[in-house]
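Presented below is the structure to which this report refers.
The values are calculated or read from the model by the stated rules, or taken from the named source; none is laboratory data. For clarity, every value in this text was computed on a predicted model and none was experimentally measured. Using ideal geometry, Cβ is built from the backbone for each residue, glycine included, and neighbour counts are taken over all protein chains shown.
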Amino acid sequence: MNIEKLRSETPGCAHVIHFNNAGSALMPQAVIEAQQNYLNYEINQGGYEAVDHFRKQLNHTYQRVAQLINAQPQEIALLESATTAWVKAFFSLTFQPGDRIVTAKAEYATNYINYLHLAKTQQVDIEVIPNDESGQVSITALEKMLAEDQQKTIKLISITHIPTNGGLVNPAEEVGKLAKKYGVLYLLDACQSVGQMPIDVQKIGCDMLSATGRKYLRAPRGTGFLYVRESLLETLEPREVDMFAAEWTTTDTYELRQDARKFEYYEYNPANRMGLSAAVQYALELGLDNIWQRIQQLGDLLRKQLAEIPNVTVQDLGQVKGGIVSFGVKGIKTEFIKQKLREEGINVSLIVANGTLLDMQDRGLDHLVRASVHYYNTEKEIEQLCGVVKKIILVHTRIEHS
């Protein structure tokens, strides 16, 4: 990968050192121009007219997203966020009192809150898969749970592929093999993994997958997508539909679409969709294997250099680690560290306990700093981040002893 070229194609690289890619990555020029071109036409010609003019390109987004994850275009719904995608998939499923949802210890707050909502309103049970010794989902424990489910009450396995904290990559493919073996539906939250690493829904074996555009895909905020396996589509019905998702056929009847677009609404942001399409194409041209290799190298380097700093503890888990690096500094508040880094032009974000409550409580953690690398980051930028952290610790130590 030509890092200098990639950085020159990313205007934000000239202004900040961006280690908040798991929050929202810097957009490349191709994505910016795709949005601007669309908006310029809309400004001068009108909103509906712009959609007509760009209809072919807008529709091609489905092909590009499908190619990205090895799916079919009819299995893709384009939505405004990963949360919207996940919630639409989750609430299209039917549960009965006593049904069980199996999830991971490092599950994201929004997902778990919805499990709790269903437990409250429909009396389903939530069961958490124990971690193995590396901190990832234990495949052995999951198989034991499935094998012992004689009454077939486990209706859904729903996990986050790469959690918002902790650095780990859960073994999604191994989970998929067990889901298929025991005939259980499998929903994968790939919010942090799509765009960061190769994703193949056929190899993973998930029935549904949700993702965002704003993170590692480098697309605009307000973009995301949902994948639903074609063989499952006819059995699912969205909780809410409009005249795009369904056709009003007689005064008393309507007919749902047969593809995944039944999870969409008529109204959407076309300029953002053009940006998503450009971002997916940009990633495909670079190659997800290349992207993943570069991110892992930078993530490992950042962990190594942070771990060498006195009073810094890296809190990452898993046999396989990605680009999310979480750490704390003894005696110094994470909000203060983030603020001081920002003053030096370095972007990071914070991890709070209630974002992944089960995992954070289990490890006795409250707050962490999250520095998430992308392929356009450099080794020099990692040195700069670590240099500022050292300076923060030095100044803090002097103040304490003065």
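For the reader, a short list of remarks on this structure follows.
- Note on the range 1-36: residues that are in a loop (DSSP other than H, G, I, E, B) and under 18 Å from the mean Cα position of the chain (by Cα) total 8.
- Selection status of Lys203, buried (at least 23 other Cβ atoms within 10 Å of the Cβ) and in the same structural domain as Gly98 (by TED's automatic domain parsing): no
- Matching residues, the range 227-260, being over 18 Å from Leu93 (Cα atoms), out of contact with any Asp or Glu (no Cβ under 8 Å at 6 or more places or on another chain) and either buried (at least 16 other Cβ atoms within 10 Å of the Cβ) or not charged (D, E, K, R) (or both): Met243, Trp248, Thr250, Thr251, Thr253
- The condition (being under 21 Å from the mean Cα position of the chain (by Cα) and in the same structural domain as Gln192 (by TED's automatic domain parsing)) is satisfied by just one residue among Ser81, Ser134: Ser81.
- Checking each residue in the range 205-226 for being small (Gly, Ala, Ser) and under 22 Å from Phe90 (Cβ atoms) picks out Gly205, Ser210, Ala211, Gly213, Gly222, Gly224.
- Residue count, the range 175-198 (criterion: buried (at least 24 other Cβ atoms within 10 Å of the Cβ) and over 22 Å from Tyr112 (Cα atoms)): 2
- Residues that are of a type outside the set (Val, Ile, Thr), part of a helix (DSSP H, G or I) and touching a Ser or Thr at 6+ places or on another chain (Cβ under 9 Å) do not occur anywhere in the range 38-55.
- Selection status of Ala25, surrounded by 14 or more Cβ atoms within 10 Å (Cβ to Cβ) and touching a Leu at 6+ places or on another chain (Cβ under 9 Å): yes
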